[in-house]
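This report refers to the structure that appears directly beneath it.
The values are calculated or read from the model by the stated rules, or taken from the named source; none is laboratory data. Source: prediction; values computed, not measured. Counting neighbours? That spans all protein chains shown, and the Cβs are built from the backbone with ideal geometry, glycine included.
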C-alpha cells in the first residue's frame, strides 16, 4: 500500500467522501461486472453495486487493512448479491406479448427468465484476473456461462466466481463467505461438475475479427431481407432461440426458421444496428412502421460456432438504452 492510498484511507475514515470515492472508483466497473455474473441482471447488478458502496462507506471503520481494499469490497459485494438472490427468489416468466404474432408451441421452456445482456462498453479496461483463474474474460462473461451460473445454488455460485473467475485462493474465499476451506472445496467441486454439464464450448471466431463480421453481415442481410432460407443456412443443427423474460425457446433450424417467419409475417420488415454484448456480436432490432419511423423492439445477442450461429437470444426493448441505442430511428 503506497503513501497516497494510506492518506486516502485515513481521510475516508475521518468522513471525507471525496477520499472514499477516490479509493473505490477504480473498482466500480469490475464490481459491477462481478455483481452481474452473480445476478444475471444488469439492473440488479447496479442495485447491488450501490448497496455495496453504501455499506462500505457506512462501515469503513471495519476495514482493518488485513486484506486489500479490493478484496474487502469484493467480500461486501458478494454477500450483498447473495442477500439479493435470497430476497428476489425465482422470478415469474412473462406472458407472450408480441402483437399480431401467435407463437408456435415451444421446443422447451427456459429456466432463467430474468437474464439480461451486458454491453461490451462496460467490459472494457477490466483488470487482469489472477494467474490461477480458470476462465478468461470472454468465456466468463458469455451468455451461456452467465446463464449456467444462475442455475447454481447461491453458495456454489459465489465460490465458483471467486475461485475460478477471479482467482482468489480457497482460504480467502472461505474468509469472505465465513465458511471453512473444506466447505469451499466441496462447493467448488459440485459447481464445476454442474457447470460442465450445462455449459458447452464453441469455437467462436475472435471478437471483431473478419470471420465474426462476415457472419454478422450475412445475418443482418438475411434478417433485413426477411430471407428465412438464408437465415436458416447460417444456423447450426443444434441452434436455439431464447427470449427472456419470456420462457419460450425453439431448438433446431426448422423451429427457429418457423419462428422468424412469424416475425416477418404481415409484411413486417426490420432494420438492424450492430452492437456488442457479453463479448459477443449483437444487434439492435427496429421494426419499420408505415410512417417511416423504425421502432426498437429489442436486442439479439448471437452466439457463434465457427462460421455459423448456434444460439440467438432476444432481449426486450427495455435494454436498448444500456447499449446507447434509441427507442426510435
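Are there any pairs, at least 6 apart or on different chains, whose C-beta atoms fall under 8 Å, with the first in segment 192-213 and free of Cβ contacts under 8 Å to residues at least 40 places away in the same chain and at negative phi and the second surrounded by 13 or more Cβ atoms within 10 Å (Cβ to Cβ) and assigned to a helix (DSSP H, G or I), and if so, which? Short answer, once both residue conditions are applied: 192/160; 192/164; 206/212. May I ask you to verify whether residue 106 is modelled with pLDDT of 95 or more and touching a strand residue (DSSP E or B) at 6+ places or on another chain (Cβ under 6 Å)? Judged against the criteria, residue 106 is not a match. Scanning segment 120-133 for any residue that is modelled with pLDDT of 85 or more and over 30 Å from residue 285 (Cβ atoms) turns up at least one such residue. Among residues that are more than 27 Å from residue 136 (Cβ to Cβ) and touching a helix residue (DSSP H, G or I) at 6+ places or on another chain (Cβ under 6 Å), residue 256 is not included.
Consider segment 253-275 and keep the residues that are more than 28 Å from the chain's Cα centre (by Cα) and not in a helix (DSSP H, G or I). The one that is surrounded by the most Cβ atoms within 10 Å (Cβ to Cβ) is 268. Residues of segment 276-329 that are over 15 Å from the mean Cα position of the chain (by Cα), at positive phi and either at pLDDT 95 or above or assigned to a strand (DSSP E or B) (or both): 298, 324. Within segment 112-134, the set of residues being in contact (Cβ under 8 Å) with a residue 60 or more places away in the chain, exposed (fewer than 15 other Cβ atoms within 10 Å of the Cβ) and closer than 22 Å to residue 41 by Cβ comprises 121, 126. Regarding segment 199-221, can at least one residue be identified that is in a helix (DSSP H, G or I), surrounded by 19 or more Cβ atoms within 10 Å (Cβ to Cβ) and under 16 Å from the mean Cα position of the chain (by Cα)? No, segment 199-221 contains no residue that is in a helix (DSSP H, G or I), surrounded by 19 or more Cβ atoms within 10 Å (Cβ to Cβ) and under 16 Å from the mean Cα position of the chain (by Cα).
Checked against (1) surrounded by 19 or more Cβ atoms within 10 Å (Cβ to Cβ); (2) touching a strand residue (DSSP E or B) at 6+ places or on another chain (Cβ under 8 Å), residue 173 meets all criteria but (2).
This table checks each residue for (1) touching a helix residue (DSSP H, G or I) at 6+ places or on another chain (Cβ under 6 Å); (2) closer than 22 Å to residue 318 by Cβ; (3) at pLDDT 95 or above.
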site	(1), (2), (3)
220	no, no, yes
228	yes, no, yes
239	yes, no, yes
242	no, yes, yes
246	no, yes, no
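Count of segment 140-186 residues, restricted to those that are over 25 Å from residue 118 (Cβ atoms) and either touching a residue at least 40 places away in the same chain (Cβ under 8 Å) or outside any loop (DSSP other than H, G, I, E, B) (or both), is 11.
Candidates 104, 127: the one that is in contact with a helix residue (DSSP H, G or I) (Cβ under 9 Å, 6 or more places away or on another chain) and within 30 Å of residue 268 (Cβ to Cβ) is 104.
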